[in-house]
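Remarks on the structure that follows.
The values are calculated or read from the model by the stated rules, or taken from the named source; none is laboratory data. Not measured: the values here are computed from a predicted model. Note that we place each Cβ from the backbone using ideal geometry, even for glycine, and neighbour counts take in every protein chain shown.
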Amino acid sequence: MNKTRIWQVDDPVAEARRISRGNMAGYLRIEFLEAGDYWMRAKMPVDERTRQPAGVLHGGASVVLAETLASTAAHFSLNPSSQYCVGLEINANHIRTVREGYVLGCATSMHLGRSTQVWEIRITDESEEVICVSRCTMIILSK
């Protein structure tokens, strides 16, 4: 795959921060950090909103971070006047647990087709230990 700049907006991080207010990403305090030519990073706190009763990061919270990154990145790679995307499939392998601090996710484009996109999302703790590896397939629809 050609790894050139994919964004259809000038500043994908600023736009991601803007559109994440008042929805799941905002509620979980997912913070978009940076974007390269074909990837996007964000962090999420491990706290009372994202822990399971056992006191560790809830696997569903990891999936929310993964899909938030993939869907936001996919959205900014499309022509907003004629296309939009939604999640078609997501999987996640939970590798290790984390009890506090932040987890950091990085979504990297694997396939940017006409009708689908595939994104790989790696979630690590603050020591860069892998917490979760996810893959999300987006379907591209016409407006």
In the stretch 109-128, which residue that is of a type in the set (Ser, Thr, Tyr) and under 17 Å from residue 140 (Cα atoms) is nearest to the chain's Cα centre (by Cα)? 109
When the stretch 22-55 is examined, which residues are found to be farther than 19 Å from residue 11 by Cβ, buried (at least 18 other Cβ atoms within 10 Å of the Cβ) and among the hydrophobic types (A, V, I, L, M, F, W, C)? 28, 44, 46
Give the residue that is nearest to residue 16 (Cα to Cα), with candidates limited to residues of the stretch 107-126 that are in contact with a Gly (Cβ under 9 Å, 6 or more places away or on another chain) and either exposed (fewer than 14 other Cβ atoms within 10 Å of the Cβ) or in contact (Cβ under 8 Å) with a residue 60 or more places away in the chain (or both). 108
Residues of the stretch 1-21 being surrounded by 15 or more Cβ atoms within 10 Å (Cβ to Cβ), under 17 Å from residue 121 (Cα atoms) and either of a type in the set (Phe, Trp, Tyr) or at pLDDT below 95 (or both), which ones? none
What tally of residues in the stretch 57-71 results from selecting those that are crowded, with 18+ Cβ neighbours inside 10 Å and either among the aromatic types (Phe, Trp, Tyr) or not in a helix (DSSP H, G or I) (or both)? 1
Does residue 26 count as within 17 Å of residue 94 (Cβ to Cβ), assigned to a helix (DSSP H, G or I) and without any contact (Cβ under 8 Å) to a residue 12 or more places away in the chain? no
